[in-house]
Protein chains: 2
Amino acid sequence: MSFVISLDAMGGDSAPQIVIDGAAKALSNGLKCTFLVFGDEHKINPFLLKHPQYKQYFKIIHTDEVITNEMKVVVAIRTLPKSSMRMAIDAVAKGEAAAVVSAGNTGAYMALSKLLLKTFEGIDRPALATTIPTLTGQALVMDFGANVECTSENITQFAILGHVFGQRLLKKASPTIGLLNVGTEEVKGNAIVQEAAQKIRNLKHLNFHGFVEGDDITSGTTDIVVTDGFTGNVALKTMEGTAKLIQKMLEQSLRQSWRGKLGYLMAKGAFQNMKNRIDPRMHNGALFLGLKGIAVKSHGGMDAFGFANAIRVAASLASDAASGQIAEDLERFLKEEK
Amino acid sequence: MSFVISLDAMGGDSAPQIVIDGAAKALSNGLKCTFLVFGDEHKINPFLLKHPQYKQYFKIIHTDEVITNEMKVVVAIRTLPKSSMRMAIDAVAKGEAAAVVSAGNTGAYMALSKLLLKTFEGIDRPALATTIPTLTGQALVMDFGANVECTSENITQFAILGHVFGQRLLKKASPTIGLLNVGTEEVKGNAIVQEAAQKIRNLKHLNFHGFVEGDDITSGTTDIVVTDGFTGNVALKTMEGTAKLIQKMLEQSLRQSWRGKLGYLMAKGAFQNMKNRIDPRMHNGALFLGLKGIAVKSHGGMDAFGFANAIRVAASLASDAASGQIAEDLERFLKEEK
């Protein structure tokens, strides 16, 4: 089965190059889809020319308007009716594409997606979620940057979205949910997490574990970790930075002695294996949960390899028949809780 | 030169054992100090008996009252006038000890330290700071859990404390300061970091780098990273968890093949070296900055080795003649900014 995926060619630090190269990479990996590419055709075409074998898989829709990372969200929305990001999202809203991928301004992407795709009944704001590797498998973490100011009601809705999507994405009947805090004791935290915990506890059909701490994210204490977008963004980027630090320290240590160098050569495959498991590019592609349409966010600093992974995430959601049932799951959940 | 250090024997998950064993370890490492130990003598004595050679270095002051981790701060302060933590801090306030170390309830420790030791003029709330290893050396990160709700004014004061203490602790004339956020662009973040950035920019004598992101903490982008206690706590615990995850993944990868196993044996020293560099016990001992007295916080889950390190931090501050000058530095800074 083949899908149409719409791409914001102008979002991300190295756009449009990584977008086009990433899409070509996804095709060369065997992905069955075609692309609607929104952006400046003069900038896009030189990169498309590098992949003549995939020419027929791309359709460019030209636009000059670009939302930059520095732009305020209100400005991006009000003054740019034809931005590449907006048009790419709109293609999903109009049913011309099954999913959209952008590496652009997260705040604008979130606001435009909400505006054009709409949220499910009972959900005020979509949550940006991503899976991360843990000691026991993987965890779904949200929000990680789309909602930098959250009320306790927003966080409670993230927990509901986590539950409904987690059932599908993690294939668990009743995924455990942790609320990120500075301690696990019930009295810990600020007013917002305290209120959110109270609200989540009142939802009878959620498998709420209670508070979790920063180190619980990677230890796999719960299947789902819920937090506001400010904290979640800092936590996930801190994970990335720490992974880099440790790899660097290990390299330095190994280089200091001939035994270390020899050991490295012997175990090179094992090191590469570990590197692959934590490669942020392998985990690129965050999902906006709660929208009536599939929108995937790529990290702005990704290369083509990482962008191809974000496309893979979008395609796998679009092809997953189950994803259509999520709206039903959510509706049932909210009805049962009433 | 010998110091008196006061210890809250009842704080931390494995108290009083780790407190007494940790103090004995500090002594066996050659630290020149004696200890005032506050807590339940019936619980403390059995552990002291294990270290007969150091008997004369300990003086126990008995009290039954203990502040638990589950206790609300107001309850801990109002209902327990003779808690081990309070008495240990009070020993510094009365000049009987040069520094206090506790692994107990962070919120209560912060509130009691503020109450008994007082903050410097111009500082409303102390910041809990710790050094962490980075790609380029080390960074001073604050607040990491004492102030879970911060105003932009609090965060601005943390930046000032970071500057003044950073000069001494990091031995840099003008340490660079980063404000933790979800993006480096000026428009990014919530209202509090936006306001704080504005206030910090107005301080002419601070070397303000601007916003930094989670991965900048470990990459060493700035000497000092300032944030609210909620975000800081989550970030630092996420670092710990990620370090554990990567070590575990590496072990798993190495065990999967005979080449991996052999490589590990060859390079065992290098692995141990790396482990030591990121061992959270080596970095145990966070400082309350901004108090007119030295108060050091040990992680609640530490073992004796980690607690000994927190004592080492307290002793090194107490012995550093420069620390007496920090009050002067701060006073001068605030005067010059006016």
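Test of the criteria: in region A:114-214, which GluC sites (Glu not before Pro) are in a DSSP loop and have at most 15 other Cβ atoms within 10 angstrom of their Cβ? Could you put the intermediate results ahead of the total?
Values: sites: A:121, A:149, A:153, A:185, A:186, A:195, A:213; in loops: A:121, A:149, A:185, A:186, A:213.
Sparse-neighbourhood loop GluC sites (Glu not before Pro): A:121, A:149, A:186.
Connecting C-alpha atoms closer than 10 Å in a GNM of chain B, tell me which of B:53, B:247, B:272 has the biggest fluctuation.
B:272
From Cα pairs below 8 angstrom and at least 6 apart in sequence, can you work out the relative contact order of chain A, rounded to a whole percent? Could the numbers behind the result be given before it?
Values: 660 pairs, mean separation 77.6, N = 338.
Answer for chain A is 23 percent.
Pick from A:274, A:282, A:142 the residue whose mean-square fluctuation is largest in a GNM of chain A, springs joining Cα atoms under 10 Å.
Result: A:274 has the largest fluctuation of those listed.
May I ask you to give the average projected area over all directions of the convex hull of the Cα atoms of region B:178-333, in nm² rounded to one decimal?
Seen from a random direction, the Cα hull of region B:178-333 projects 12.4 nm² on average.
Output wanted: per-residue J couplings in Hz (rounded whole) for region B:273-285, from phi through Karplus 6.51 cos²θ - 1.76 cosθ + 1.60, θ = phi - 60°, x for Gly and Pro.
4, 5, 4, 4, 5, 9, 4, x, 5, 5, 9, 6, x
How much of the DSSP beta bridge set in the protein assembly as shown is antiparallel, as a percent to the nearest 5?
Numbers: 22 of 82 bridges.
Approximately 25 percent, going by the DSSP bridge assignments.
How much length would be gained if the chain were fully extended between residue A:14 and residue A:78, taking 0.36 nm per residue of separation minus their Cα-Cα distance, in nm to one decimal? Intermediate results must be reported in sequence, preceding the final value.
Details: separation 64, 0.36 × 64 = 23.04 nm, distance 2.51 nm.
Residue separation times 0.36 nm, minus the Cα-Cα distance, leaves 20.5 nm.
How shielded is B:78-90 by partner chains, expressed as the average number of their Cβ atoms within 10 Å of its Cβ atoms?
Numbers: counts 0, 0, 0, 0, 0, 0, 0, 0, 0, 0, 0, 0, 0.
Mean inter-chain Cβ contacts per residue within 10 Å come to 0.
Label position 7 Å from Cα toward Cβ: report the copy-to-copy distances for residue B:329 in nm, one decimal, ordered from shortest.
Sorted ascending, the copy-to-copy spacings read 5.4 nm.
With respect to the cross-link table entries A:43/A:237; B:82/B:297; A:50/A:114; B:25/B:248; A:188/A:338; B:199/B:237, which display a Cα-Cα separation exceeding 23 Å?
Flagged as over cut-off: A:43/A:237; A:50/A:114; B:25/B:248; A:188/A:338; B:199/B:237.
Given the options B:276, B:207, B:181, state which has the largest fluctuation in a GNM of chain B using a 10 Å cut-off (strictly under) for Cα springs.
Top of the fluctuation ranking is B:276.
Based on alpha-carbon centroids, what's the gap between region B:264-280 and region A:1-50 in Å, whole number please?
First find each Cα centre; the distance between them is then 43 Å.
Leaving ligands, DNA and RNA out of it, work out the accessible area of residue B:94 with a 1.4 Å probe and give it in Å² to the nearest 10.
Around 130 Å² of this residue is reachable by solvent.
Over chain B, one equal point on each Cα, no solvent: what is log10 I(q)/I(0) by the Debye formula at q = 0.06, 0.10 Å⁻¹?
Reported log10 I(q)/I(0), two decimals: -0.22, -0.61.
Round to the nearest 10 and report in Å² the accessible area of residue A:299, as given by a 1.4 Å probe over the protein chains' heavy atoms.
Surface open to solvent at residue A:299 totals about 70 Å².
For residue B:118, list the aspartates and glutamates whose Cα falls under 12 Å from its own Cα; do not include residues on the same chain fewer than 8 positions away.
Here the aspartates and glutamates satisfying the reach criterion relative to residue B:118 are B:90.
With both partners inside chain A, how many of the DSSP beta bridges are antiparallel, as a percent to the nearest 5? Please report the intermediate quantities before stating the final value.
Values: 11 of 41 bridges.
That works out to approximately 25 percent antiparallel.
Say a label goes 7 Å from Cα toward Cβ at residue B:269 in every copy; what distances in nm does this one have to the rest, shortest first?
Taking the point 7 Å beyond Cα along Cα→Cβ, the inter-copy spacings are 2.7 nm.
On a straight-distance basis, which lysines could pair with residue A:32 in a cross-link, Cα separation under 19 angstrom, same-chain partners fewer than 8 positions away excluded?
Straight-distance partners of residue A:32: A:55, A:59.
Out of the DSSP beta bridges found with both residues in region B:124-288, what percent are antiparallel (nearest 5)?
Values: 7 of 18 bridges.
Bridges in region B:124-288 are about 40 percent antiparallel.
If R₀ is 22 angstrom, what is the calculated FRET efficiency for the pair residue A:279 and residue B:255, using the beta carbon separation as r and rounding to 0.05?
So the FRET efficiency works out to roughly 0.60.
Non-local amide H neighbours of residue A:61 (under 5 Å, H modeled in plane, Pro and chain starts lacking H): which ones?
Here A:37, A:38, A:39 satisfy the definition.
Residue B:68 to residue B:190: FRET efficiency via 1/(1 + (r/R0)^6), r the Cβ-Cβ distance, R0 25 Å, to the nearest 0.05? Each step should come with its number before you reach the end.
Working: r = 33 Å, r/R0 = 1.31.
For R0 = 25 Å, the calculated efficiency reads 0.15.
Every other copy gets compared here: list the nm distances from the residue A:186 label point (7 Å along Cα to Cβ) to its counterparts, shortest first, one decimal.
With the label placed 7 Å along Cα→Cβ, residue A:186 yields 4.8 nm.
Within region B:141-178, whose backbone N sits under 16 Å from a point 7 Å along Cα→Cβ of residue B:316?
Label zone hits: B:141, B:165-172.
Quick check: residue separation of residue B:136 and residue B:272 times 0.36 nm, minus the Cα distance between them. What number comes out in nm?
Numbers: separation 136, 0.36 × 136 = 48.96 nm, distance 2.01 nm.
Once the chain is fully extended between residue B:136 and residue B:272, it gains 46.9 nm.
Round to the nearest 10 and report in Å² the accessible area of residue B:57, as given by a 1.4 Å probe over the protein chains' heavy atoms.
About 80 Å², ignoring ligands and nucleic acids.
Under a straight-distance cross-link criterion of Cα-Cα below 15 Å, which aspartates and glutamates are reachable from residue B:275, leaving out those fewer than 8 residues away in the same chain?
A:251, B:240, B:251
In nanometres, what is the gap between the two model label sites at residue B:96 and residue A:43, each 7 Å from Cα along Cα-to-Cβ?
Result for the modelled spin labels: 6.9 nm.
The values are calculated or read from the model by the stated rules, or taken from the named source; none is laboratory data. None of these values were measured; they are calculated from a predicted model. Every residue, glycine among them, receives a Cβ derived from its backbone with ideal geometry; neighbour counts consider all protein chains shown. Just so you know, the surface numbers come from the protein's heavy atoms only, side chains and all, with ligands and any DNA or RNA stripped out. Shrake-Rupley method; radii C 1.70, N 1.55, O 1.52, S 1.80 Å.
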